[in-house]
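Undergrad: This structure is in structure tokens; I'll ask about it shortly.
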Amino acid sequence: MGKLKLFGANLGIASVLFAGLGLGAISPKINLPSIIYEFGLVLFIYCIGISSGEQFFRHLKNKGWRDNVLALGVLVLAFLLMVVISHLTDFKTNYLAGLFAGSITNTPALASILETIRHYAPVGQLNALLAEPVVAYSVCYPMGVIGTIAAIILFQKAARVSLKDNQTAEKITNAVVELSEEISGKTIASLVKEFNLSIVFGRVKRGAVSFIAKGDVPLLSGDLISIVGKPEELERAIPLLGKRSLPIVTEHGQVEMRRIFVSNPAIIGQSLRDLNLMHTMGCVITRIRRGDDEVVPSADTTLHFGDRVRVLAPKNELNEASKFFGDSYAAQSHVDILTLGIGVAAGFFLGKIPIPISENITLRLGIAGGPLIVALILGSVNRVGKLSFVMPYSANNTISQLGLVLFLAGVGTRSGYAFRETITQGTLGLNLFLIGGCLTFCVAFLFLFFGNLFLKVPYSRLAGMLSGFHTQPAVLAFVNDQAKNGQPNVGYASTYPIATLGKIILAQLILSLL
């Protein structure tokens, strides 16, 4: 099913949800135990948080407020649309609340609805009243996924943007500069400070001799020096340092380059400033390959399991550098079960902590929100004492995919029969299905419209933000399958927490006001 196309795009791993719905519709006995899909959700969310933590907090300092304002603004619009729906239909309040939770696919919001109903429902009517929002949620949930994916695809065609356009990835290149007379006598450290340079200095050729560009070595006019960075940074730096030159040709054996895998647990999560490689190893890292992305290293850059670093060093030091970094490809598939267990358990317990908002409203982050917040924090700090919480890229991706499959299969099989029964019996189910689908599509399209037109968010990250806004892993999986640049995960993490909180509160307001 993953190869089937919806509006010209493959469903990918999101097809597991629809396969589960089809199987679940056959019989109410066909459903996975709740612990299966809950465990899968925790694994998936935790892996997303761990891999996105550093970038999430860096983004939060710059434009994170923008993402949250967009999410809250569209949530308010969704609530206003619910007010309109309540006046145009004769749905009971409980059905409206379930429709809201299902169309924006938020299980914590449904849980808060059920908890509120338990507080005021007469004992004899409790089960019947609890069933109403669950039925509406079950009917609207599948369209909450389909409608969001459809909005992403149709907006992409209408606005002529692409998920595959890797606008936010760092493109790294290199150049060689012949230093001018104005630079003579200055050190690299002083130049970086004077011109605020965001580049890496590699090797220096002075006459027939080549050596590593150390920060405290005075440079001379006519020296050839290699620099690495993003194109715009290189274009700014070259006229400040001198003029562009031909590539450096060095005698074999003086300074050589080697690509090395980072697999030494002792250095995982440590910054390049703390490692001080130039003084301890006599080498410099000019590039870092992390998954499919390249990173320009700086003093604050931390090393992750599975990073592939490009190291410049004297030939006789390269073997020592390889031992220091680990250079084991096999280690990339290893997972520290202790730190994984600690992180998942901490997230699970955080999600269970009740947070009273008012007399009738109690907020819980749930099994998705708790692990996400813990993982984002651990992913940003990387290590606590001797414990490193960073996972190898390949292992993180594998565990994430496994968790997502378990979650989607569980939700699909558990919702399939109720979905079929409601759709086939009377007009109530059909009306809920159609109105919920329209609400999903309109809200998703508005989110993409405002984010693209007014905030100019790159589309791959914007689609990830929409996935987080809908708190929907299936949509995120679809976007990741299409984008293949890692940016949707950052967008997802940026809007998920505030969207979850906002939906829980608005679901309570629907019960109270409509």
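Read-outs throughout are calculated quantities, based only on the coordinates presented, and are distinct from any laboratory measurement. Given the structure is predicted, the values throughout are model-derived calculations rather than measurements. Glycine also receives a Cβ, built like all others from the backbone with ideal geometry; neighbour counts cover every protein chain displayed.
Undergrad: Between Thr280 and Ile35, what FRET efficiency follows from the Cβ-Cβ distance if R0 is 51 Å, with the result rounded to 0.05?
TA: Efficiency, rounded to the nearest 0.05: 0.60.
Undergrad: Sticking with this structure for a sec: Multiply the residue separation of Ile342 and Leu430 by 0.36 nm, subtract the distance between their alpha-carbon atoms, and state the gained length in nm to one decimal.
TA: Here the segment from Ile342 to Leu430 would lengthen by 27.2 nm.
Undergrad: Right, here's the next one. Sequence-distant or interchain residues sharing an amide H contact under 5 Å with Ser184, placed H: which?
TA: Correct list: Ser221.
Undergrad: Report, in debye and to the nearest 20, how large the dipole of segment 173-332 comes out about its Cα centre when Lys and Arg carry +1 and Asp and Glu carry -1 on their Cβ.
TA: 220
Undergrad: If you don't mind, another one. Out of residues 5 or more away from Gly242 or on other chains, whose amide H comes under 5 Å of its own, with H placed 1.01 Å from N in the peptide plane?
TA: HN-HN under 5 Å from Gly242: Ser180.
Undergrad: Under 9 Å from the Cβ of Leu455, count the other residues' Cβ atoms, weight Lys and Arg +1, Asp and Glu -1, and hand me the total.
TA: Its environment carries a net charge of +2.
Undergrad: Right, something else. Ordered by residue, what ³J(HN,Hα) values in Hz, to whole numbers, does segment 224-233 give under the Karplus form 6.51 cos²θ - 1.76 cosθ + 1.60, where θ = phi - 60° and Gly and Pro are x?
TA: Each residue of segment 224-233 in turn: 9, 9, 8, 10, 10, x, 6, x, 5, 6 Hz.
Undergrad: What is the packing order of peptides 264-273, 298-307, taking the mean over residues of other C-beta atoms within 10 Å and listing the highest first? Could the numbers behind the result be given before it?
TA: Numbers: 264-273: 17.2, 298-307: 19.7.
Ranking, from highest mean packing down: 298-307, 264-273.
Undergrad: Across segment 478-492, in residue order, what do the Karplus-derived ³J(HN,Hα) couplings come to in whole Hz, using 6.51 cos²θ - 1.76 cosθ + 1.60 with θ = phi - 60° and x for Gly and Pro?
TA: 4, 5, 4, 4, 7, 7, 6, 9, x, 6, x, 5, 5, x, 4
Undergrad: Counting other beta carbons within 10 Å of each residue's own, what order do Met257, Met465, Met278 fall into, fewest first?
TA: Met257, Met278, Met465
Undergrad: Pop out the ³J(HN,Hα) list for segment 335-340 in order, Karplus 6.51 cos²θ - 1.76 cosθ + 1.60 with θ = phi - 60°, rounded to Hz; leave Gly and Pro as x.
TA: Each residue of segment 335-340 in turn: 10, 7, 4, 4, 5, 4 Hz.
Undergrad: If each residue of separation counts as 0.36 nm, what is the full-extension length gain between Ile353 and Leu509 once their alpha-carbon separation is subtracted?
TA: The Ile353-Leu509 span can extend by a further 54.0 nm.
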